[in-house]
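The values are calculated or read from the model by the stated rules, or taken from the named source; none is laboratory data. Every value quoted in this text rests on a predicted model; they were computed, and no experiment measured them. Here the Cβ is made from the backbone with ideal geometry for all residues, glycine too, and neighbour counts use every protein chain on show. The accessibility values were calculated without ligands, DNA or RNA, using every heavy atom of the protein model including side chains. Shrake-Rupley method; radii C 1.70, N 1.55, O 1.52, S 1.80 Å.
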Amino acid sequence: MNFVRKHITVLAGLLVYVLLYAVAAIRYEGFFSLPVFINFLSNNAVLGIVAVGMTFVILSGGIDLSVGAVMSFSSVLIGVLVMDLHWNVYVAIAASVVCGTALGAVMGAIIHATGIKPFIVTLAGMFFVRGLAFLIHLESISISEPSHTAIALASVGPLPVTAVLFLGFVLVGWYVAVLTPFGREVYALGGGEEAALLMGLPVRRTKIAVYAVSGFCASFAGAALTFYLSSGSHLEGVGMELDAIATVVIGGTLLAGGVGSVFGTLIGVLMLGLILTSITTYEGMMSSGMTRVAIGGLLLAFVLLQKVLTRRAGVGRAT
């Protein structure tokens, strides 16, 4: 019973996903198959990696609007380093990840030192980083370097490399959130900063680390984007921060912080993938309007559901 109370928001998301998947499997021929499920993972892997980092931010009671810009910047930087400066692919990816992590840490430090709301600081960060991307290269840059192409075409069994990266981030994120002191500090910070201070927790270090993790995930998602598109793009990250927030909330993480799960974020990503595939592929509606309507309605429904469930169950920390 205690397990259900702790995980009630995530379990609610899982139940809704199973029901939606069952309806889609009945309605659409061939929907209930391994290739379709793998497509969910592969096509939404970039968003999923970003969302893992966003999960830690929201769990801590914060928000990060810069993740889409950091992802785009990372993809463009990798393209420039590989194609224009002829860097090794792995070194270029490492450099982009270091930059993204550092940008996140700087925003976290500013948030803690000044007391300015994360919304404002990360909004400024979004414009700053997006501007940097255009400064280093004005247009999208195609990446045709052989070793990069080899990585992009690699797979583990039936799983493309992007899907493998996404699942790897989910597993590592779950481990960090559940089984490490840092994870416990993130949940405590989301439960209340003053209470965390009274407990003697390293609030400053945790807050900076949370935004550094978000920057790390966003910049690595930029690398995954280059494998998916074989290019670095300024435009792919536009609106990504809102999709990531929606995914995390649909997966059962409370916007107030302190309650949620990286596993729930995986469910949220799969749910968005299910909606997109159902509407665009099986219903034949190529316009993004209907998908946005569906996602908006689902997000509102989950926020209301979470409010009801947490009040009735007295939810504590969920892992």
Across (1) modelled with pLDDT of 90 or more; (2) under 16 Å from the mean Cα position of the chain (by Cα), Leu41 clears everything bar (1)
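Residues that are under 25 Å from Leu242 (Cβ atoms), polar (S, T, N, Q) and modelled with pLDDT of 95 or more: does the range 101-113 have at least one?
yes
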Inset, instruction - Inspect the range 206-225 for any residue being at pLDDT 75 or above and of a type in the set (Lys, Arg) and give the result as yes or no. - result: yes
Screening Gly260, Gly190 for residues that are modelled with pLDDT under 95, part of a loop (DSSP other than H, G, I, E, B), out of contact with any Pro (no Cβ under 7 Å at 6 or more places or on another chain) and buried (at least 24 other Cβ atoms within 10 Å of the Cβ) leaves only Gly260
Scanning the range 17-56 residue by residue, the ones that are open to solvent by less than 40 Å² (accessible area, probe 1.4 Å), outside any loop (DSSP other than H, G, I, E, B) and touching a residue at least 24 places away in the same chain (Cβ under 8 Å) total 20
Subset of the range 133-150, residues surrounded by fewer than 17 Cβ atoms within 10 Å (Cβ to Cβ), in contact (Cβ under 8 Å) with a residue 40 or more places away in the chain and not in a loop (DSSP other than H, G, I, E, B), comes to Phe134, Ile136, Ser142, Ser147, Thr149
Filter the range 193-218 for residues that are within 23 Å of Leu47 (Cα to Cα) and of a type in the set (A, V, I, L, M, F, W, C); the one that is surrounded by the most Cβ atoms within 10 Å (Cβ to Cβ) is Ala218
Filter the range 151-181 for residues that are closer than 16 Å to Gly232 by Cβ and among the β-branched types (Val, Ile, Thr); the one that is least open to solvent (accessible area, probe 1.4 Å) is Thr162
